[in-house]
1. If you plug each phi of the stretch 143-148 into the Karplus form 6.51 cos²θ - 1.76 cosθ + 1.60 with θ = phi - 60°, what whole-Hz ³J(HN,Hα) values come out, in order, with x for Gly and Pro?
2. Just want the answer: with Cβ charges of +1 for Lys and Arg and -1 for Asp and Glu, which residue in 153, 223, 165 is farthest toward the dipole's positive end in the stretch 126-248?
3. Taking N as the number of residues in the stretch 126-248, what value does Rg over Cα atoms divided by 2.2 N^0.38 Å take?
4. Assigning unit charges at the beta carbon (Lys, Arg +1; Asp, Glu -1) and nothing else, what dipole magnitude in debye, to the nearest 20, does the stretch 126-248 show about its Cα centre?
5. If you count, for each residue, the other Cβ atoms within 10 Å and average over each peptide, how do 119-126, 101-108 line up from highest to lowest?
6. As a test of the formula, what do you get for the chain when each DSSP H run with n ≥ 4 contributes -39,500 (n - 2.57) and the sum is divided by the residue count, at 222 nm and rounded to the nearest 500 deg cm²/dmol?
7. Each residue of the stretch 114-128 in order: what ³J(HN,Hα) in whole Hz does its phi give by Karplus 6.51 cos²θ - 1.76 cosθ + 1.60, θ = phi - 60°, with x for Gly and Pro?
8. Stick to Cα atoms and the Kirkwood definition of Rh, then tell me Rg/Rh for the chain.
Amino acid sequence: MRIPFFQVDAFTAVPFGGNPAAVCLLPQELPAALMQAIAAENNLSETAFLLPQGSLGAVPHYGLRWFTPTTEVDLCGHATLAGAYVLLTGVHPEAQEVAFSTRSGRLSVRRQGERLAMDFPAQAPQPWPEAQEQVAAALGIPPVDLCRGGMGMAVLASAQQVQQVQPDWAQVQALPVSGLIVTASGEDLKDGPDFVCRVFAPQLGIVEDPVTGSAQCLLMPYWSRRLGRAELKARQLSTRGGELWCRDLGPRVEIAGQAVLVIVGELRIP
């Protein structure tokens, strides 16, 4: 079996920035164990597997699953953006939108000028005071606010603290969440993101994720309420870095960004 394979840098306009994701266009459904083995072989934070499902009117429709090198996950932003980029630039260049059936329900991605805009479910931040001491120990600094959704979220006093924090990985992994977001206002940065973040997920086999679209499902409801605006720009302060343009839609969050294709090939499965 030969499977078309793409590697796309998501949430960046230049190669070798943002977050790299592998995209596999499947000719048929594969066993989960085989998809997991492929993701481990790729050794990227996510591999997206796309399986054609026909169309919804004029909108191409695909099944979409995401695997880290060690596990399948319920939601991934950068690999969804990467998959949509492959479909809208190569497979369906005439389409304005693609739809995906996933473990997190129906998702869609549409063209938005030079960006692609994803429609994701919002996560209402829930207070998480019982983890204050554990998170402070994991980060080496006490958060000024702490809440959780699909991940834990620690709000720090400044973007500089977010950039400089050096977590204790064993203590992060021991937290009762799938990963930990650290975030702060971007007001002390000259070039103006509304908020910044980093994401640590050793529980999922990802020590630090370069850019995390799904984290905005929790970050946007928090920062939109705190800053009093529905449209915000986010920056992830990883080594590679990335930019995200987000909109709070109440029960949904729009997350937009650019992407760059860097590798095209095929997987050969005996």
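1. Once θ is set to phi - 60°, the couplings for the stretch 143-148 become x, 7, 8, 8, 8, 8 Hz.
2. 223
3. For the stretch 126-248, the normalised Cα radius of gyration is 0.95.
4. Charge dipole, the stretch 126-248, about its Cα centre: 240 debye, nearest 20.
5. So the order, starting with the most tightly packed, is 119-126, 101-108.
6. -5500 deg cm²/dmol
7. 7, 9, 10, 10, 9, 9, 10, x, 7, 10, 6, x, 10, x, 9
8. Result for the chain is an Rg/Rh of 0.96.
Quick note: the coordinates plus some simple rules give every number you see, no bench work behind them. Keep in mind the model is a prediction, meaning the values are calculated, not measured. Here Cβ is always computed from backbone atoms with ideal geometry, including for glycine, and neighbour counts include all displayed protein chains.
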